[in-house]
1. Give me the residue from the range 54-68 that is crowded, with 22+ Cβ neighbours inside 10 Å and out of contact with any Asp or Glu (no Cβ under 6 Å at 6 or more places or on another chain) and, out of that set, farthest from residue 215 (Cα to Cα).
2. Would you tally the residues in the range 95-128 being more than 29 Å from residue 70 (Cα to Cα) and hydrophobic (A, V, I, L, M, F, W, C)?
3. With respect to residue 166, is the statement that it is touching a strand residue (DSSP E or B) at 6+ places or on another chain (Cβ under 8 Å) and either in contact (Cβ under 8 Å) with a residue 40 or more places away in the chain or surrounded by fewer than 19 Cβ atoms within 10 Å (Cβ to Cβ) (or both) true?
4. Answer yes or no as to whether residue 148 is among the aromatic types (Phe, Trp, Tyr) and surrounded by fewer than 18 Cβ atoms within 10 Å (Cβ to Cβ).
5. Working only within the range 127-150, note down all residues that are in contact with a strand residue (DSSP E or B) (Cβ under 8 Å, 6 or more places away or on another chain) and either closer than 17 Å to residue 215 by Cβ or among the β-branched types (Val, Ile, Thr) (or both).
6. Hey, could you check the range 100-147 for residues that are touching a residue at least 60 places away in the same chain (Cβ under 8 Å) and basic (Lys, Arg) and say which is nearest to residue 205 (Cα to Cα)?
7. Being in contact with an Asp or Glu (Cβ under 6 Å, 6 or more places away or on another chain), over 18 Å from residue 222 (Cβ atoms) and either of a type outside the set (Val, Ile, Thr) or not in a strand (DSSP E or B) (or both) narrows it down to one of 154, 102, 136, 97, so name that one.
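The values are calculated or read from the model by the stated rules, or taken from the named source; none is laboratory data. Treat the numbers as computed from the prediction; the structure is a model and nothing was measured. Note that each Cβ is placed from the backbone with ideal geometry, even for glycine, and that neighbours are counted across all protein chains shown.
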Amino acid sequence: MRFAVIQFPGSNCDQDCLHALRDDMAQEAEYVWHKTDSLAGFDAVVVPGGFSYGDYLRCGAIARFSPVMAAVKTAAADGPPVFGVCNGFQILCESGLLPGALIRNRSLQFVCEEVGLRVETSDSPFTCAIPVGTILRMPVAHGEGCYFADHETLRDLETHDQVLVRYVDAKTGEPVAAANPNGSLANIAGVCNRERNVFGLMPHPDRACNRRLGSEDGKRIFQSVIDTLAGRRPAPKDDAVLAPVGA
């Protein structure tokens, strides 16, 4: 599979994503500069974390006007998976490819720690290889990761099964306030679009693909995309798995 990893001025997790895809997942991956106007030939698109354009004005607000984002929108409309991590999630929301917005953490402080994530649905290209209820462990590193949306949008997200992962206590699997690192509404950590091929996630699966980093759970997100592209999406199991993978 051939993955495009978008590079903006200020991106700093593009290398993490490229390393995870090439070295940990054994996939073909290439950097795509922000002035590129076509993503033809790529099977999937990753919008990485970092500080695109220095996060001036508002996180992701300037990146949305980059020439490459028109190509990302075209790719999203054509159906290939588009995956935004951290700042990439912010950019996808600013670009209108995902509903809601990411605002300042409720603590008003930068948060950098490992969190527990509960997989809420296997009905997506990004979670199809993970049973519902599985608890994943991944790091977060952001100052503006509080997911916010109006009541109607939240209701639609829940109704259409668009909340893919939620912050939870890694031991109990419960979405308690203490497990929410940024104050996101309904403990939402990642959502997809109605068509289910665009996904935004604040935690970093790219930093959780090797045991030396503390977790390999990020591989399961990438593997789901690979399985989808290969046309071998497994049937999800109904039973919940509440123990952290690899614990």
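1. 66
2. 7
3. Yes: the conditions hold for residue 166.
4. Answer is yes for this residue.
5. 127, 130, 132, 134, 135, 136, 137, 138, 139, 140, 141 - these are the residues of the range 127-150 that are in contact with a strand residue (DSSP E or B) (Cβ under 8 Å, 6 or more places away or on another chain) and either closer than 17 Å to residue 215 by Cβ or among the β-branched types (Val, Ile, Thr) (or both).
6. 137
7. 102
Each row is one residue, and each column tells you yes or no for (1) surrounded by fewer than 23 Cβ atoms within 10 Å (Cβ to Cβ); (2) β-branched (Val, Ile, Thr); (3) closer than 19 Å to residue 178 by Cα.
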residue	(1), (2), (3)
96	yes, no, no
101	yes, no, no
112	yes, no, yes
116	no, no, yes
123	yes, no, no
128	yes, no, no
